[in-house]
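Everything on this sheet refers to the single structure shown next.
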Amino acid sequence: MSRMPTGWMKAATATIAIGTLALAGCSSSDDSTTTDTPTSAGASADTSGTPAAPTGEPLAGGAITEGVFFGDSLTDAGTYGYRFTTMPGQTWAQHIADGLGQSTESNEHVADPNDVYVGKPGEPGPGGLNYAEGGAKANSAYSAVSDAADGTPISVKVQVDRFLEQHQKFDPDQLATVYIGTNDVAYNYDPSINPEMAQSLRDNTPAPENVMASEDARVRTAASDEADQVQRMLDNGAEHILVFNVFDLAKLPWFESDASRDYVHTLATSYNDELTNSLPDDPRVQVLDTWSFVDDLVENKEDNGFTHGANEDACREPGQNVCEKDAWASEDADQTYIFSAAEHMTTRANELLADYVTAQINEKFGK
């Protein structure tokens, strides 16, 4: 996920700048700029993190030897110079890639965080198979000033374009994952996109019925667009596609009022409903139930090793996209919190998600 950052010009000059889903900036120092938008772009020295130990467990009985990842900040491997988590932790996709013995890096990068959300393309390299970018939507730009399709963050549709331009087709032993929709659901909660609605929801004023009807249609279109990209992957040789549904965003720290939580809960439900109904009916396409996974983390947090649950943020300052250790809420926040950086997951939550993904791949594709 991610949001368009506000107040990020100052952060761009610091060690860590801002990010997207559309996420906002976060920093390793106490004087860092804080924004009220959670998904964004940034520049940090370390984008690869400490590699996770290989699991040694072949995926789907050896049928899958490589992963290709599409999505937003929840999957992004460091396009903007950092990852949207408790740094230096990795995203779930990096753990999967590491276990498969492939690069854990992003496909492209930005030379300057000021180039994000304004229609400017990213720069080639480092060339990994993780095409996800913080702030990405299913099939449209995340920007208040530009509709340029190739401007960062690029949508899943453009991410698939990019993969096919570089590799022509999917190989039969590749796993393609698609984890998108959070930014489509929360788009108008971003003050830089729809300041009136964003403020109203923050003031705990529910969106009117006619507005919700329009929002429902908007997110259903995005979900249908995602399904179209899945069909396109099949048409271009993909044999193993894992599609993540959207989890209940009402549990995220970014949403503080009852009205905002009702808003995203309703729209996430609609997104998932449309996605389920629109996906190709094909055994090569399997759905990962991220909604149930996150519900379990929250409802059984102690059993999962956490002491903090819904709407609690591992980052000390609110509205961050990422936070280094000296900006965590506590010494062990990367392990004891589920959520971080407003609308993202901590190091431990990403590790558990990677374990869940691995188990689901083996179950769904190892038959």
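The residues neighbouring N130, those whose beta-carbon lies less than 11 Å from its own, together hold a net charge of -3 under the Lys/Arg +1, Asp/Glu -1 convention.
Qualifying trypsin sites (Lys or Arg not before Pro) in the stretch 118-179, where qualification requires a DSSP coil assignment and no more than 16 other C-beta atoms within 10 Å, comprise K169. Heavy-atom surface analysis with a 1.4 Å probe gives the stretch 255-367 a carbon and sulfur content of 41 percent of its accessible area. Rolling a 1.4 Å probe across the protein heavy atoms gives the stretch 166-268 an accessible surface of 37 Å² per residue. Electrostatic tally near H308: other residues with Cβ closer than 15 Å to its Cβ, Lys and Arg +1, Asp and Glu -1, net -4.
Put simply, when 111-120, 338-347, 142-151 are sorted by average Cβ atoms within 10 angstrom per residue, most first, you get 338-347, 111-120, 142-151. Among the protein heavy atoms of the stretch 175-215, carbon and sulfur supply 50% of the accessible surface, probe 1.4 Å, non-protein parts ignored. If you average the alpha carbon positions of the stretch 304-367 and of the stretch 213-243, how far apart do those two centres end up, in angstrom? Cα centroid of the stretch 304-367 versus Cα centroid of the stretch 213-243: 26 Å apart. Indicate the gyration tensor shape class of the stretch 208-321 (rounded, prolate or oblate), computed on the Cα atoms with a ≥ b ≥ c the square roots of the eigenvalues: a/c under 1.5 is rounded; otherwise a/b larger than b/c is prolate and the rest oblate. Taking the square roots of the gyration eigenvalues as a ≥ b ≥ c, the stretch 208-321 is oblate.
When the trypsin sites (Lys or Arg not before Pro) in the stretch 180-258 are filtered for DSSP coil states and for at most 15 other beta-carbon atoms within 10 Å of their beta-carbon, no site remains.
The dipole here belongs to the stretch 184-234: it is taken about the Cα centre, uses +1 on the Cβ of Lys and Arg and -1 on the Cβ of Asp and Glu, and is about 80 debye.
Using θ = phi - 60° in the Karplus curve 6.51 cos²θ - 1.76 cosθ + 1.60, the 3J(HN,Hα) couplings for the stretch 264-271 round to 6, 4, 5, 6, 5, 4, 5, 4 Hz; x is entered for Gly and Pro.
The values are calculated or read from the model by the stated rules, or taken from the named source; none is laboratory data. Note that the structure is predicted; figures quoted are calculated from it, not measured. Using ideal geometry, Cβ is built from the backbone for each residue, glycine included, and neighbour counts are taken over all protein chains shown. Calculation scope for accessible area: heavy atoms of the full protein, side chains included, ligands and nucleic acids excluded. Shrake-Rupley method; radii C 1.70, N 1.55, O 1.52, S 1.80 Å.
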